[in-house]
Amino acid sequence: KAGVTQTPRYLIKTRGQQVTLSCSPISGHRSVSWYQQTPGQGLQFLFEYFSETQRNKGNFPGRFSGRQFSNSRSEMNVSTLELGDSALYLCASSLAWAGASYEQYFGPGTRLTVT
Amino acid sequence: DQQVKQNSPSLSVQEGRISILNCDYTNSMFDYFLWYKKYPAEGPTFLISISSIKDKNEDGRFTVFLNKSAKHLSLHIVPSQPGDSAVYFCAASAGGGGSEKLVFGKGTKLTVNP
């Protein structure tokens, strides 16, 4: 069974630009969560989608948005990039919610560098 | 406000000895705890979990202990192997509502020396 895939793996953008990251969950997984990892803050939760609906959102500004498609694939968008947005963005998928499993399977991440 | 804390950024142990990674949490609503292992250039990999109704869960060389009164959990690796060298993240969830939101600690880098 293929794992979680994220594209692109590496990205360099300029301050003020916008970026879209993509995540394909494990087949059959309906929940997709996004995390930002930085050396200073560790792994921080961005948002979670289930069946095309955002179910949870972390404490990030509105410049960070996402969506999920009917095939469970998810995209994350960051507008008006700032230098502080440079991070590893991780996507994780899981089978279900409501106590069925909290085991999330992570993709390799997209390394975003903002210059 | 950091709800999940891993106070040791790094830990170094000898091969064959026990590795003990610690994690403290402040939110009493957390009812499910997980440990993830992360190698460079890879996403975190689920290692072991424990529900708040238990105080111990064991899987091979890995054992997680939960002390609810102290809001503390620990991961024991026995015996430690060089391949265990990685960053270990502790994570917690207040899953009553079925949320998949995990709150992570900042990680502890474990180095197992041959």
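Bear in mind that the values in this text are calculations on the coordinates, not laboratory data. If you're wondering where the values come from, they're calculated on a predicted model, not measured in any experiment. All Cβ positions, glycine included, derive from the backbone under ideal geometry; neighbour counts span all protein chains shown.
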Based on the Cβ-Cβ distance from A:L11 to B:K54, what FRET efficiency comes out when R0 is 35 Å, to the nearest 0.05? 0.25
Per-residue mean of C-beta atoms belonging to partner chains within 10 Å, peptide A:105-111: 3
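Please identify the trypsin sites (Lys or Arg not before Pro) of the range A:25-68 that satisfy two criteria: DSSP loop assignment and at most 14 other Cβ atoms within 10 Å. Which are they? Working shown, then result.
Working: sites: A:R30, A:R55, A:K57, A:R63, A:R67; in loops: A:R30, A:R63.
Counting only loop positions with at most 14 other Cβ atoms within 10 Å, the trypsin sites (Lys or Arg not before Pro) in the range A:25-68 are A:R63.
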Name the residue, out of A:G40, A:G84, A:G62, whose mean-square fluctuation peaks in a Gaussian network model built on chain A with Cα pairs under 10 Å. A:G40
Output row, site A:S79, 7 Å Cα→C-beta label point, backbone N cut-off 19 Å, window the range A:14-37, residues A:14-22
Chain B - share of DSSP beta bridges that are antiparallel (%, nearest 5): 90
Is there a simple number for the mean count of other chain Cβ atoms within 10 Å of the Cβ of residues in A:83-93, and what is it? 1
Of the convex hull drawn through the C-alpha atoms of the range A:1-80, the volume per residue in Å³ is 104
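What is the sum of charges around B:S69, taking Lys and Arg as +1, Asp and Glu as -1, for the other residues whose C-beta is under 15 Å from the C-beta of B:S69?
Spelling it out: positives minus negatives among the neighbours equals +1.
With N residues in the protein assembly as shown, what two-decimal value do you get for its Cα radius of gyration over 2.2 N^0.38 Å?
Normalised Cα radius of gyration, the protein assembly as shown: 1.00.
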Identify the GluC sites (Glu not before Pro) of the range B:17-114 meeting these criteria: DSSP loop state and at most 16 other C-beta atoms within 10 Å of the C-beta. B:E42
Trypsin sites (Lys or Arg not before Pro) within the range B:32-63, DSSP loop, no more than 14 other Cβ atoms inside 10 Å: B:K54, B:R61
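For a 19 Å ceiling on Cα separation, which of these pairs sit above it: B:K5/B:K71; B:K56/B:K101; B:K54/B:K101; B:K38/B:K109; B:K5/B:K54; B:K68/B:K106?
Pairs exceeding 19 Å: B:K56/B:K101; B:K54/B:K101; B:K5/B:K54; B:K68/B:K106.
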Convex hull projection area averaged over all views, chain B, Cα basis, nm²: 7.0
